[in-house]
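Notes for the one structure printed next.
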Amino acid sequence: MELTQLSLCEVAKQIRLKKVSPVELVEECIKKIQIITHKNFSAYIDVYEKESLKKARDAEREIMSGNYYGLLHGIPIALKDNIAMKGFRTTAGSKILSNWIPKVNSTVVTRLESVGTIIIGKTNFHEFAWGATSENPHYGIVRNPWDPKCNAAGSSGGSAVAVVTKSCFGALGTDTGGSIRLPAAVTGIVGLRPTYGSVSNHGVIPLAKSMDTVGPMTRNVKDCAILHATINSNNQNNNKALDIISNDYMSELDKELKGLRIGILSDYFQYCQPSVTKNIKKAISTLMSHGVEIIDVQIGNLEDIILAKTVIQSSEASAYHQKNFSNNFMDYGEDVRIRLDKGERYLATEYIHALEYRKLLKSQFMEAFQSVDAFILPTLPFVARNIGDTTISIKEGQDEEIGLIVSQFTGIASLTGFPALNLPCGFDEQGLPTGMQIIGKPFEESLLFRIGQAYQQVTNFHLKSPAL
């Protein structure tokens, strides 16, 4: 078996036992990157072949001499290219920052490097993270390996493709309105939006500061827990030992689910393609077989989620870009220009009303959490869509504008700041992945991992990968 077929956790064990060298891992990952680059998937903006091999040799010497730092030591990981890495350009997927080289690391990179993680490259995404397709006019369209005619959603599309093609053992993305969870759903991987504020955004080029968060994207739940534990700002240890790296996430993973109460918003499922609804219902039945109680919860005013999210996200993005946008208007891609221009036109009253709605939504869900432990709903109302599409059919004869529905489910966690985990939960008739989303209370990522782990113990959707 190729080493890249192993999960992060599996290959980490082989490294700890000195049966596998980090050099071998990097070499195999580079080969995979070359394959997907040749296939024009445009997953990476920059690949650090020379530097990664040097770090792999350093890691090999450290491990062979008995200095093993933990589960990420010698493991190749990819970064979304809006995350600053000292001495390496960080483009934000833009023409404007195409030659910007940060002088300091982002906090998450410092944490990864402190445990010997190897950053193998920077991934492509929607320019300045301001979009949901990863169709980048400067660095190429990120194509979905399940069907190259489709995009990989966004904005963290390149990170998702890097993970699902096994060209790395995990990746970091950023999530504002759904930018980790959406590409994770359409590529069939696991992606976590952590609790807002639990992972440092220092050194990360923002989209909308009141919603942005960095999070892990991996092949399975256990790997996601490992990666999140390392970047989690609430984890104060240095992750130098195998038994403490996961900040108690690992000890929670295998607890039974019996007695858990999970809420659903059944009225909300009507806005999905039939295959998405079908697969979510099957997933709910699977969890019920584990002793989970399903409770139908009524939450008011959900129809305002997309409007409120759009007003906040647009206003904050345009405020950040205002000076550059005025001076370098034509250096932005056309779709981002349109969004930034629109964001400057929202009134302060509209922004304040959106903030008030966000406060109301959060209070409604916090009240609901008195009756349930978590919520399950679709991640995305449809499967991967063709590159360039602006509308999509949800029900036969009913086309919807994609921008008006793409974040109707992910917007809940984005506005409230709650943690949310995407899990692959099946495929449609054409073999395209569908995703389900588990939303929890603030700082209860361990419960999301626990539910996800139980689900993946009895399903194999996360084990499937597109043919290369």
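The values are calculated or read from the model by the stated rules, or taken from the named source; none is laboratory data. Since we're looking at a predicted model, the values are computed, not measured. Every residue, glycine among them, receives a Cβ derived from its backbone with ideal geometry; neighbour counts consider all protein chains shown.
Points to keep in mind about this one:
- Residue among H73, H138, H126 that alone is more than 23 Å from A208 (Cα to Cα) and either polar (S, T, N, Q) or not assigned by TED's automatic domain parsing to the domain that holds T391 (or both): H73
- Exclusive hit being of a type in the set (V, I, T) and within 27 Å of S179 (Cβ to Cβ), set V297, V292: V297
- Yes/no for A319 being touching a strand residue (DSSP E or B) at 6+ places or on another chain (Cβ under 7 Å) and either of a type in the set (V, I, T) or surrounded by fewer than 20 Cβ atoms within 10 Å (Cβ to Cβ) (or both): no
So that you can scan it fast, the table gives a plain yes or no per residue for (1) in a helix (DSSP H, G or I); (2) assigned by TED's automatic domain parsing to the domain that holds H138; (3) out of contact with any helix residue (DSSP H, G or I) (no Cβ under 7 Å at 6 or more places or on another chain); (4) surrounded by fewer than 15 Cβ atoms within 10 Å (Cβ to Cβ):
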site: A12; (1), (2), (3), (4): yes, yes, yes, no
site: K19; (1), (2), (3), (4): no, yes, yes, yes
site: L25; (1), (2), (3), (4): yes, yes, no, no
site: I30; (1), (2), (3), (4): yes, yes, no, no
site: I35; (1), (2), (3), (4): yes, yes, yes, yes
site: K50; (1), (2), (3), (4): yes, yes, yes, yes
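- Beta carbons closer than 6 Å, at least 6 apart along the sequence or on distinct chains, pair a first residue in segment 191-205 that is of a type in the set (F, W, Y) with a second that is buried (at least 20 other Cβ atoms within 10 Å of the Cβ) for Y196/T213.
- Selection status of M85, modelled with pLDDT of 95 or more, of a type in the set (A, V, I, L, M) and buried (at least 24 other Cβ atoms within 10 Å of the Cβ): yes
- Residue within segment 140-151 that is under 16 Å from the mean Cα position of the chain (by Cα) and more than 19 Å from T37 (Cα to Cα) present: no
- Where T110 falls short, out of the listed (1) among the polar types (S, T, N, Q); (2) surrounded by fewer than 24 Cβ atoms within 10 Å (Cβ to Cβ); (3) touching a residue at least 60 places away in the same chain (Cβ under 8 Å); (4) in a helix (DSSP H, G or I): (3)
- In segment 75-97, the residues that are over 22 Å from the mean Cα position of the chain (by Cα) and more than 19 Å from T174 (Cβ to Cβ): G87, K95
- Every residue from segment 429-468 that is among the small types (G, A, S) and closer than 11 Å to A374 by Cβ: G440, G452
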